[in-house]
Amino acid sequence: MVHFINAREDLVREAIDGLLAGSGGTLARLDGYPHIKVVHRADWDRSKVALISGGGAGHEPAHTGFVGPGMLTAAVCGEVFASPSVDAVLAGILAVTGEAGCLLIVKNYTGDRLNFGLAAERARALGYKVEMVVVDDDVALPDSPQPRGVAGALFVHKIAGALAESGASLEDVASAARKVVAKVASIGKSLDTCTVPGSPKENRIPSGMAELGLGIHGEPGVQQVDFAGASEAITLVMEKLRPHLGQGPCVALINNLGSTTPLEMSVLCYALAETGLASHVIGPAPMMTSLDMHGFSVSVLPADEVELAALEALVPMAAWPGTRRLSKPKLTALPQGMAPKASEPSADDRTRAILANVTEVLIAAEARLNELDAKSGDGDTGSTLATAARALNARLDRLPLADPAKLFAALGNELSQTMGGSSGVLLAIYFNAAADASANGSNVEEAFKKALHRVSEVGGAKVGDRTMVDALAPGLEVLGQGLQAAANAARRGADSTAAIHRAKAGRAAYVPSENLKGNNDPGAEAVALVFEGLAKSSGG
């Protein structure tokens, strides 16, 4: 896999300097490259307890992203997934520790414990007050003698950081940190492993499976399970965490492990809220990642009032998403006139069968149309049409099926509500125009032709522009000769778009011509499929 890096050996140093360049002068680093990579607060005056954490790179924004008032004083960075050296940690301690002392927050990995531990001993020998806490929050392997330290360390950063910022003593800060460590629990789940720059990717998670309990360096998890959606994923994770929830307020930290999209993370947050097991949430956000891992982790802390107040204290670092109470979505009424307009339903078996056939065709074609659209757009035409088709199918018995004018108006309103994108707008215009024509005496065939003219006026598309018009216009032109003739004409029109290499309307107009060659326009293909489906069901 190719990454946006320069030389692999410069990756961490250039990333740190990029962070500093955009920090507005709030961060600085020790002048110790290449072996000593320590980021610290530029405004630090050593008057309070210093908090230092760190470890290998690849977990960004941890730990450098949390350096600032109310959290870390300094972060010591190693190379990707490699612990920083003893000298690097010692340099960080000496740089930021004053008479108030220093607390080291260390994740439970052998390299981190050894290097931070030895640096602490050396600093103490020099007369510095240094305490160290080891975070071992991973519950994936409950019988492990050395549980890993993962995203639960962020609770320690925030709570200990708030106390240190308030002027608490080293003893009190360290005691609070150890109290958090004793209660926090975490577990992760992923659909894929991570990719270390310059190294081959390990593809151990098969498609359709998810791995539970894998580590933040890509270490194998406790088991692979069938993937059955976000709600199931959260349910499984929360069942593992349930024994650690306690009785009072529970704060859940939802961490993006790297490449999970914000859209997915919000769905996971919704699923978490639905469980009712947490009272507060931090995130969802990337906080302690594993490079590009497509997964998430949840950390839980049964918090007392002091800990909750510390978590809710505001900090200026953009990487920290804040702590908020989980709540049901607030709803406000739609503006007047925007509520869905209910039509008086009426029955017509033939019309109902036609509409049911159309919806079935579009639902069945979802993947095919998405694949075509991916060649010339954003790959969602099939999903957009299928979503509208499912919604329409569910409302068939509530439509005025026996009155064409009212039916077309109802279809226009339905599509304007359930179908996004330009296609939804154009089809809403189409059916509303058909409703106007039908109300003024046009038969169905004439109404559809007049509606197409209206759409062409509004959207600017005509035959030859590589849009759905290329199939719809010829199909409607011969509709009077029967559905089979219309289906044949629509199919020829749709197939002709594969030879149109420069679109003049629609999203494909923004796409290079080489992407369009040999591929039907997805809108035109959808129209042809609908005509063909109707012809087949009616016997021509």
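The values are calculated or read from the model by the stated rules, or taken from the named source; none is laboratory data. Bear in mind that the values here come from a model prediction, so they are computed numbers and not experimental data. Glycine also receives a Cβ, built like all others from the backbone with ideal geometry; neighbour counts cover every protein chain displayed. Just so you know, the surface numbers come from the protein's heavy atoms only, side chains and all, with ligands and any DNA or RNA stripped out. Shrake-Rupley method; radii C 1.70, N 1.55, O 1.52, S 1.80 Å.
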request  = Quick one: accessible surface of R390, probe radius 1.4 Å, all protein chains present, in square angstrom to the nearest 10.
outcome  = 110
task = Would you mind estimating how fast the stretch 22-94 diffuses translationally, via Stokes-Einstein at 4 °C and 1.567 mPa s with the Kirkwood radius over Cα pairs, in µm²/s?
result = 107
query = Spin-label point model (7 Å from Cα, Cβ direction): what's the E274 to D17 distance in nm?
reply = 4.8
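Computed over the Cα atoms, what is the radius of gyration of the stretch 248-312 divided by 2.2 N^0.38 Å, N being its residue count?
The reported ratio for this selection is 1.14.
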note = Computed over all unlike Cα pairs, the Kirkwood hydrodynamic radius of the chain in Å stands at 27.0
query = What FRET efficiency do you get for L263 and D397 if R0 is 30 Å and r is their Cβ-Cβ distance, rounded to the nearest 0.05?
reply = 0.35
query = Distance from the Cα centre of the stretch 252-306 to that of the stretch 114-153, in angstrom?
reply = 24
request  = Whole number please: convex hull volume per residue, Cα atoms of the stretch 62-214, in Å³.
outcome  = 124
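Plugging the Kirkwood radius over Cα pairs into Stokes-Einstein for the stretch 76-144, at a temperature of 25 °C and a viscosity of 0.890 mPa s, what D comes out in µm²/s?
For the chosen part, D equals 193 µm²/s.
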ask   = Can you give the direction-averaged projected area of the convex hull of the alpha-carbon atoms in the stretch 28-141, in nm²?
value = 6.9
ask   = What is the stretch 462-504 by shape, rounded, prolate or oblate, if you read a ≥ b ≥ c off the alpha carbon gyration tensor as root eigenvalues and call it rounded for a/c under 1.5, prolate for a/b larger than b/c, and oblate otherwise?
value = prolate
inquiry  = Suppose the chain between Q146 and D226 were pulled fully straight at 0.36 nm per residue; how much longer would it get relative to their current alpha carbon spacing?
reply    = 26.0 nm
ask   = Once label points are set 7 Å from the Cα along Cα→Cβ at both F4 and A339, what is their separation, rounded to one decimal in nm?
value = 4.8
ask   = Once you charge only the Cβ atoms, +1 for Lys and Arg and -1 for Asp and Glu, what is the size of the charge dipole of the stretch 184-311 about its Cα centre, to the nearest 20 debye?
value = 140
task = Could you grab the Rg to Rh ratio for the stretch 57-115? Cα atoms only, Kirkwood for Rh.
result = 0.94
request  = State the answer as a single residue: which of A435, I500, G459 lies farthest towards the positive end of the charge dipole of the stretch 413-507, with beta carbon charges of +1 for Lys and Arg and -1 for Asp and Glu, about the Cα centre.
outcome  = I500
ask   = Just the accessible area for V134, please: 1.4 Å probe, Å², rounded to the nearest 10?
value = 40
request  = Take the Cβ-Cβ distance between L314 and L94 as r, set R0 to 35 Å, and report the resulting FRET efficiency rounded to the nearest 0.05.
outcome  = 0.70
note = Sorted on mean Cβ neighbours within 10 Å (highest first), peptides 114-123, 152-161 come out as 152-161, 114-123
inquiry  = So with the 1.4 Å probe, I'd like the accessible area per residue for the chain, rounded to whole Å².
reply    = 46
message = Sort 100-108, 408-416 by packing, meaning the average of other beta carbons within 10 Å per residue, with the highest value first.
response = 100-108, 408-416
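Give, rounded to the nearest 20 debye, the magnitude of the charge dipole that the stretch 149-208 has about its Cα centre when Lys and Arg contribute +1 at Cβ and Asp and Glu contribute -1 at Cβ. Numbers along the way, then the final one.
Numbers: 7 positive and 5 negative charges, 50 e Å.
Computed about the Cα centre, the dipole is about 240 debye.
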request  = Send over the Kirkwood Rh of the stretch 307-373, from the inverse of the averaged 1/r over different Cα pairs, rounded to one decimal Å.
outcome  = 18.7
note = Per-residue accessible area, 1.4 Å probe, largest first, puts K375, K37 in the order K375, K37
message = I'd like the projected area of the stretch 214-288, averaged over all directions, using the convex hull of its alpha carbons. Report it in nm² with one decimal.
response = 5.3
ask   = Can you flag which of K158/K240; K48/K183; K189/K240 are past 22 Å Cα-Cα?
value = K158/K240; K48/K183
task = Quickly work out the A353-to-E171 label distance, labels modelled 7 Å from Cα along the C-beta direction, and quote it in nm with one decimal.
result = 8.8
query = Taking the Cα centre of the stretch 323-362 as origin and charging only Cβ (+1 Lys, Arg; -1 Asp, Glu), how large is the dipole, in debye to the nearest 20?
reply = 600
message = Solvent-accessible area of T110, probe 1.4 Å, all protein chains present, reported in Å² to the nearest ten, please.
response = 100
remark   = In degrees rounded to 10, the 0-90 angle between helix 522-538 Cα long axis and the longest Cα principal axis of the chain is 50
key: Geometric extent, Cα atoms of the stretch 355-410 - Rg, Dmax (angstrom)   = 13.3, 40
key: Hz values of 3J(HN,Hα) by residue in the stretch 242-247 - Karplus curve (6.51, -1.76, 1.60), Gly and Pro given as x   = 3, x, 9, 7, x, 9
ask   = Viscosity 1.306 mPa s, temperature 10 °C: Stokes-Einstein D of the stretch 301-433 from its Kirkwood Cα radius, in µm² per second?
value = 86
task = Round to the nearest 10 and give me the degree value, 0 to 90, for the angle of helix 11-21's Cα axis relative to the longest principal axis of the chain.
result = 90
ask   = Rounded to a whole number, what % of the accessible area of the chain do carbon and sulfur atoms account for, probe 1.4 Å?
value = 55
key: Isotropically averaged projected area of the stretch 263-362, using the convex hull of Cα atoms (one quarter of hull area), nm²   = 12.7
task = Please say if the stretch 190-344 is rounded, prolate or oblate, where rounded means a/c under 1.5 for a ≥ b ≥ c the square roots of the C-alpha gyration tensor eigenvalues, and otherwise the choice is prolate for a/b larger than b/c and oblate otherwise?
result = oblate
